[in-house]
């Protein structure tokens with residue numbers, strides 16, 4: 001890849017990663033080649049558009065997103081924010097970015113037309129234009145990521161919801177919000193926990209204020225989807241999940257997936273339709289996973305289930321407490 005020397009700490013970079021029908025593993029060497037170039041830059045943000053020529057079911061897309069976060073956290077040496085953005089019909093995340101950004105192109109004629117159209121809209125919104133970078137030769141091919149031979153798609157439902165503390169927003173939160181964006185086509189409701197739900201949190205004095213947590217959630221969702229957002233203060237565990245007749249689906253983590261039974265029991269008592277659920281797995285703190293690269297190449301990362309290797313807000317707060325001491 002060719003990168004101009006004018007790049008500085010204020011720049012954002014957009015790169016494409018393709019998902020196609022192939023065996024369930026990453027082309028590790030190709031992605032390492034990409035990140036070796038990225039590591040020469042001083043980036044403030046890296047946005048990775050997860051693109052596909054196939055229609056992939058939601059659970060597989062989420063698997064791809066999660067593994068992508070883990071990969072870039074392991075090999076990307078620059079201290080920058082990373083966002084993995086799957087394709088969502090009708091949504092162009094390049095319109096959201098408020099600052100100048102550079103876009104790596106792997107299909108110059110198609111991408112140039114797309115960027116020109118995007119920049120015309122960005123100009124109307126008073127946003128600076130994007131710049132297109134065309135690598136002199138491909139760093140990786142387009143057939144390298146985990147995907148499914150199935151053409152089955154997962155239908156979007158109307159109202160999708162999610163709830164959580166979202167403290168010190170991390171990649172696991174981004175994955176959970178991605179699940180919400182993939183399943184909601186009309187409205188996304190997101191409850192951000194308020195004080196009554198935080199009293200039992202470990203290292204609670206390191207919790208971020210509600211407004212900061214809410215703002216971070218809104219920003220991530222705006223990059224993921226164009227649908228209407230309702231991000232609100234959640235003051236009791238169930239929130240609107242047991243009262244909203246329009247709600248269709250809830251995104252849950254491995255930690256909270258058991259809640260769907262009690263939610264639907266209460267909805268049944270209120271003569272409301274049951275909610276569907278989509279569950280996202282834990283993300284690994286790859287720096288703590290023994291033989292991460294070997295496991296990645298062998299496709300055995302799913303076997304790592306130790307709580308000590310998971311990405312979590314509690315672990316972040318524990319680190320903050322350790323620094324204070």
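The values are calculated or read from the model by the stated rules, or taken from the named source; none is laboratory data. Predicted model, so just to flag it, every value in this text is computed and none were measured. All Cβ positions, even for glycine, are placed from backbone atoms using ideal geometry, and neighbour counts span all protein chains on display.
Looking at 288, 283, 275, just one residue is closer than 26 Å to residue 316 by Cα and surrounded by 20 or more Cβ atoms within 10 Å (Cβ to Cβ), and that residue is 283. The residues in the range 25-68 that are loosely packed, with under 15 Cβ neighbours inside 10 Å, assigned to a helix (DSSP H, G or I) and modelled with pLDDT of 80 or more can be counted, and the count is 1. Can you say whether residue 183 is modelled with pLDDT under 95 and buried (at least 23 other Cβ atoms within 10 Å of the Cβ), as far as the supplied structure shows? Yes. The residue of the range 69-84 that is farthest from residue 172 (Cα to Cα), among those that are out of contact with any strand residue (DSSP E or B) (no Cβ under 9 Å at 6 or more places or on another chain) and in a loop (DSSP other than H, G, I, E, B), is 77. Tell me yes or no: at least one residue of the range 220-229 is within 19 Å of residue 316 (Cβ to Cβ), at pLDDT 95 or above and either assigned by TED's automatic domain parsing to the domain that holds residue 263 or more than 22 Å from the chain's Cα centre (by Cα) (or both). Yes; the residues of the range 220-229 include at least one that is within 19 Å of residue 316 (Cβ to Cβ), at pLDDT 95 or above and either assigned by TED's automatic domain parsing to the domain that holds residue 263 or more than 22 Å from the chain's Cα centre (by Cα) (or both).
If the condition is being in a strand (DSSP E or B) and either in the same structural domain as residue 50 (by TED's automatic domain parsing) or in contact with a strand residue (DSSP E or B) (Cβ under 6 Å, 6 or more places away or on another chain) (or both), then the range 155-184 contributes 157, 158, 159, 160, 161, 162, 163, 184. No other residue among 245, 290, 274 is in a loop (DSSP other than H, G, I, E, B), outside the structural domain of residue 196 (by TED's automatic domain parsing) and without any contact (Cβ under 8 Å) to a residue 40 or more places away in the chain apart from 290.
The listed residues are 156, 124, 152, and the only one of them that is modelled with pLDDT under 90, at negative phi and surrounded by fewer than 16 Cβ atoms within 10 Å (Cβ to Cβ) turns out to be 152. The set of residues from the range 181-203 being in contact (Cβ under 8 Å) with a residue 60 or more places away in the chain, over 10 Å from the mean Cα position of the chain (by Cα) and under 26 Å from residue 89 (Cβ atoms) comprises 182, 183, 184. Would it be correct to say that residue 195 is within 14 Å of residue 216 (Cα to Cα) and either modelled with pLDDT of 95 or more or in the same structural domain as residue 239 (by TED's automatic domain parsing) (or both)? For residue 195, the condition - within 14 Å of residue 216 (Cα to Cα) and either modelled with pLDDT of 95 or more or in the same structural domain as residue 239 (by TED's automatic domain parsing) (or both) - is not met.
Quick check: is even one residue across the range 85-106 closer than 19 Å to residue 184 by Cα, assigned to a strand (DSSP E or B) and not assigned by TED's automatic domain parsing to the domain that holds residue 229? Checked against the condition, which is being closer than 19 Å to residue 184 by Cα, assigned to a strand (DSSP E or B) and not assigned by TED's automatic domain parsing to the domain that holds residue 229, the range 85-106 yields at least one hit. Identify the residue in the range 208-237 that is assigned to a loop (DSSP other than H, G, I, E, B) and touching a strand residue (DSSP E or B) at 6+ places or on another chain (Cβ under 9 Å) and, among all such residues, is surrounded by the fewest Cβ atoms within 10 Å (Cβ to Cβ). Only one residue fits best here, namely 235.
The set of residues from the range 310-325 being in a helix (DSSP H, G or I) and within 19 Å of the chain's Cα centre (by Cα) comprises 313, 316. Scanning the range 71-89 for residues that are under 11 Å from the mean Cα position of the chain (by Cα) and within 8 Å of residue 46 (Cβ to Cβ) returns 82, 83.
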